[in-house]
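Worksheet: one structure, shown below.
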Amino acid sequence: MSIEEKKNKFSVLSCENFIEVKDNDDLLNFIEISKKLCIKLLGIENYEKKKIEYFIQDKMKTSHDEIRSISSLFPQIKECDTIDDKIRSAIKAIKNSSKTTFLFSRKTLRGETIANLKDDLAKYRKRFDVISVVSDNLEVAKWATHDRRVDYLTIGISNKEAVDEGLISLAKQHNMTLELCLDSLFLSSDARNLSSTIRSAKKITNLIVKRNKFILTVRPTTPYHLRTSQQLRYLGELIGIPFNKSKNAVFNEQLTILVSNLTKQSEKYVFNGVEIVGEKSD
Amino acid sequence: MIDDIRDRYIVYKTVSKEVLKLSNIKRIFWQKYQFLFGITKTTEAGLFFEEYKDGKGLLRCTQKSLKNTLITMSLISEINSIPIIMFPIYISGTIKKAKSVIEQMFRIV
């Protein structure tokens, strides 16, 4: 068994979906630590697709560390027919490039009104790989669940007022993925704070776990808040998500959304499930 | 009938800016476990730090407390205001296998 194979034996694929960085140096710190934890996918907040490409080009000049953008997987997945095949080939490509970290851009829209959110979606959708919506206003959140341009509805686990049964039911109807941010578990200052965070998180997860698609993220403020997929699943246990129900919530769901967004870049893409397979004859 | 208490061995790794002593890691781990699950659960956990070298170590706990041990490990983010990540690499039911994994890891790195 080669050294690379031995290393892969102990590593499980992980993804951190929500990283807020101050500058490129900060991003490099995140990448360095994520390599140690075998976190393959990093979603960088407020970094446009072009900015990520420029960053990667700059980095490749000075260092041998392999960093790629998620759109580099497009040539491999475009030849596959079904979405399942595309995901399988993407996972294969990520597993084969063991030293590589894949970056993708994301934008979190904080819509105060529906009109604001509509404007922002039109403005940002094509500039970012992933679009997420976070809102304390339940009406705005409910509107966002049925918009096809929104990938995630972000929910802070300490804010139980931002979620109700109607919202969760709508999210289920429109197949919307919910993003649970576990950052308050790390930032709680004392026992009382942590206890109230866990209590409100359990109320939210009680509504979500049985029916909805969801993902887990730490939303790290420092690189040392990054966690592996296994650890995320155990943190999920603390807030009432059974270990066996969070299998897809740490890597597969994120990759599925990224792959389906990449597919939309194709010229042949018409609509979800509809693609041009041959040329029109007169 | 007496129940058998089965042990689990967690091979873990730490990532930090500075080299940390095992005594510091032990102290914070016990504190955090007690903070999260209380004194009674902590006594039942059977925690024992077997080995620690170059940021890799072996931690023993009971099978029933494995979940709580891993939750505690996930929530540790600093020791003496030094940021740290402590994450499990491999979980085994026998110490022999766990030690062989640590040896393999040392050979790789």
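The values are calculated or read from the model by the stated rules, or taken from the named source; none is laboratory data. From a predicted model like this one, the values you see are computed outputs, not experimental measurements. Positions of Cβ are generated from backbone atoms using ideal geometry, with glycine treated the same way; all protein chains shown enter the neighbour counts. The accessibility values were calculated without ligands, DNA or RNA, using every heavy atom of the protein model including side chains. Shrake-Rupley method; radii C 1.70, N 1.55, O 1.52, S 1.80 Å.
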### Task
Show the residue pairs that are 6+ apart or on different chains and have beta-carbon atoms under 7 Å apart, the first residue being within segment A:32-56 and under 26 Å from B:Ser16 (Cα atoms) and touching a residue at least 40 places away in the same chain (Cβ under 8 Å), the second being outside any strand (DSSP E or B) and of a type in the set (Gly, Ala, Ser).
A:Cys38/A:Ser11; A:Leu42/A:Ser34
### Task
Output the residue which, of all residues in segment A:240-282 that are among the aliphatic types (A, V, I, L, M) and under 20 Å from the mean Cα position of the chain (by Cα), is farthest from B:Ile76 (Cα to Cα).
A:Leu262
### Message
Here is a list: B:Ile102, B:Ile91, B:Ile71, B:Ile82. Which entry is under 23 Å from B:Leu36 (Cα atoms) and buried (at least 20 other Cβ atoms within 10 Å of the Cβ)?
### Response
B:Ile71
#### Entry: Conditions (1) open to solvent by 20 Å² or more (accessible area, probe 1.4 Å); (2) in contact (Cβ under 8 Å) with a residue 24 or more places away in the chain; number of the one not met by A:Thr263
(1)
### Filter result (open to solvent by less than 80 Å² (accessible area, probe 1.4 Å) and either modelled with pLDDT of 95 or more or away from every other protein chain (no Cβ under 12 Å) (or both)) within segment A:210-222
A:Asn212, A:Lys213, A:Phe214, A:Ile215, A:Leu216, A:Thr217, A:Arg219
### Summary
Per the list (1) polar (S, T, N, Q); (2) free of Cβ contacts under 8 Å to residues at least 60 places away in the same chain; (3) crowded, with 20+ Cβ neighbours inside 10 Å; (4) under 24 Å from A:Ile257 (Cα atoms), residue check on A:Thr197 breaks on (4)
### Query
Within segment A:133-142, how many residues are open to solvent by less than 50 Å² (accessible area, probe 1.4 Å) and out of contact with any Leu (no Cβ under 7 Å at 6 or more places or on another chain)?
2
### Query
Which of the residues belonging to segment A:166-180 are in contact with a helix residue (DSSP H, G or I) (Cβ under 6 Å, 6 or more places away or on another chain), assigned to a helix (DSSP H, G or I) and not small (Gly, Ala, Ser)?
A:Leu167, A:Ile168, A:Leu170
### Task
Among the numbered conditions (1) open to solvent by less than 30 Å² (accessible area, probe 1.4 Å); (2) more than 14 Å from chain B (Cβ to nearest Cβ), tell me where A:Phe30 comes up short.
(2)
### Query
How about segment A:164-209: which of its residues are among the aliphatic types (A, V, I, L, M), within 12 Å of another protein chain (Cβ to nearest Cβ) and under 22 Å from the mean Cα position of the chain (by Cα)?
A:Leu182, A:Leu185, A:Leu187
### Task
Return the only residue of A:Arg199, A:Arg233 being in a helix (DSSP H, G or I), touching a strand residue (DSSP E or B) at 6+ places or on another chain (Cβ under 8 Å) and among the basic types (Lys, Arg).
A:Arg233
## Note on the structure
With the first residue restricted to segment B:49-77 and required to be at negative phi, and the second required to be of a type in the set (A, V, I, L, M) and open to solvent by 60 Å² or more (accessible area, probe 1.4 Å), Cβ contacts under 6 Å at 6 or more apart or on different chains are B:Thr62/B:Ile5
### Message
Just to be sure I understand the filter: pairs with C-beta atoms under 9 Å, separated by 6 or more residues or on different chains, first member in segment B:26-39 and away from chain A (no Cβ under 14 Å), second member crowded, with 16+ Cβ neighbours inside 10 Å and in a helix (DSSP H, G or I). Which pairs pass?
### Response
B:Phe29/B:Thr69; B:Phe29/B:Thr72; B:Phe29/B:Met73; B:Trp30/B:Thr42
### Summary
The residue that is least open to solvent (accessible area, probe 1.4 Å), considering only those in segment A:75-109 that are in a loop (DSSP other than H, G, I, E, B) and touching a strand residue (DSSP E or B) at 6+ places or on another chain (Cβ under 8 Å), is A:Thr100
### Message
Restricting to segment B:1-57, give me the number of residues that are open to solvent by less than 100 Å² (accessible area, probe 1.4 Å) and assigned to a loop (DSSP other than H, G, I, E, B).
### Response
4
